[in-house]
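*Asks:* Quick one: structure below, then a few questions.
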Amino acid sequence: MFAIRDSIGRGTVSPQETAEITNLSETYRIAHADLTIEGMISELLLRVDLIPVSMALAQAANESAWGTSRFTIEGNNVFGQWCYEAGCGIVPSRRISGAKHEVRYFDTVEKSVESYFLNINSHDSYAYLRDLRFKMRARGLKLDPMSLSIGLGRYSQRGASYVDEIQRIIIQNDLRERDVPTSQV
């Protein structure tokens, strides 16, 4: 994206580069119909970035009951992601009457991880997390999972309690040691 952004500055954007940016905008759920290529790139720079390993591991541990949950074992869903079409996943045994959600089924754990990353990097509920991450990058700071996890308040119905749980898992398990130093990214 940086190379394409530089190409725009020189007025040399190829049709292939334009198509690539448009495809990424669709993948990352950016309403791009009214955006210029520059606008799409600016929005993509907020979304196409890393999620600290420590934060992802803490969420996976929490959401999958450390890999033991029914949804992880039967549906390869390590992040507790929901879906809303009948048959898209596993119906929770304690689903509230009238609720339509299911816990999404994935063919592989890798597909679950891929979906999680796309969810965090594209859903409006996590815009604050992405904004924090962008500001950390702009200041040359290491991505701080403790600060970024504040942006996960809407990941769970538990809100702030969920954020506290994620932060506690990160601290108690020394998960920040797993994060990639900014200089290597």
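*Asks:* Rounded to the nearest 20 debye, what is the charge dipole size of region 1-46 about its Cα centre when +1 sits on each Lys and Arg Cβ and -1 on each Asp and Glu Cβ?
*Replies:* The calculation lands at about 60 debye.
*Asks:* Now, a different point. Normalised by the number of residues in region 75-171, what is the relative contact order in percent for Cα pairs under 8 Å and 6+ residues apart?
*Replies:* 20
*Asks:* Which length gain, in nm to one decimal place, applies between GLU114 and ASP6 when the Cα-Cα distance is subtracted from 0.36 nm times their residue separation?
*Replies:* Stretched out fully, the GLU114 to ASP6 stretch lengthens by 36.0 nm.
*Asks:* What part of the accessible area of region 4-145, given as a whole %, is carbon or sulfur when the probe is 1.4 angstrom?
*Replies:* 55
*Asks:* Sticking with this one: Have a look at GLN167, ALA127, ALA138 and report the one farthest towards the positive end of the charge dipole of region 124-185, computed about the Cα centre with Cβ charges (Lys/Arg +1, Asp/Glu -1).
*Replies:* Projecting each Cα onto the dipole axis, the largest value belongs to ALA138.
*Asks:* If packing is taken as the average number of other Cβ atoms within 10 Å across a peptide's residues, how do 74-85, 19-30 rank, most packed first?
*Replies:* In descending order of packing, they fall as 74-85, 19-30.
*Asks:* Per 5 Å bin from zero, what fraction in whole % of the C-alpha pairs of the chain is there, up to the bin with the longest pair?
*Replies:* Spelled out bin by bin, the chain gives 1, 8, 14, 17, 18, 16, 12, 8, 5, 2, 0, 0 percent.
*Asks:* Can I ask one more? With +1 on each Lys and Arg Cβ and -1 on each Asp and Glu Cβ, how big is the dipole of the chain about its Cα centre, in debye rounded to the nearest 20?
*Replies:* 500
*Asks:* Could you point to the residue in THR36, SER97, VAL53 farthest towards the positive end of region 1-98's charge dipole, with +1 and -1 charges on the Cβ of Lys/Arg and Asp/Glu respectively?
*Replies:* Of the listed residues, the answer is SER97.
*Asks:* Sticking with this one: Once the Cβ-Cβ distance between GLU20 and MET146 is put in as r, and R0 is 45 Å, what FRET efficiency do you end up with, to the nearest 0.05?
*Replies:* With R0 = 45 Å, the Cβ-Cβ based efficiency is 0.85.
*Asks:* Further, regarding this structure: As a test of the formula, what do you get for the chain when each DSSP H run with n ≥ 4 contributes -39,500 (n - 2.57) and the sum is divided by the residue count, at 222 nm and rounded to the nearest 500 deg cm²/dmol?
*Replies:* -15000 deg cm²/dmol
*Asks:* Tell me the per residue accessible area of the chain using a 1.4 Å probe; a whole number in Å² is fine.
*Replies:* Accessible surface, normalised per residue, equals 58 Å².
*Asks:* Order these peptides, 5-14, 154-163, by their mean beta-carbon neighbour count within 10 angstrom, highest first.
*Replies:* 154-163, 5-14
The values are calculated or read from the model by the stated rules, or taken from the named source; none is laboratory data. Source: prediction; values computed, not measured. Using ideal geometry, Cβ is built from the backbone for each residue, glycine included, and neighbour counts are taken over all protein chains shown. The protein model used for the area step is the full one, side chains on, heavy atoms only, and it has no ligands, DNA or RNA in it. Shrake-Rupley method; radii C 1.70, N 1.55, O 1.52, S 1.80 Å.
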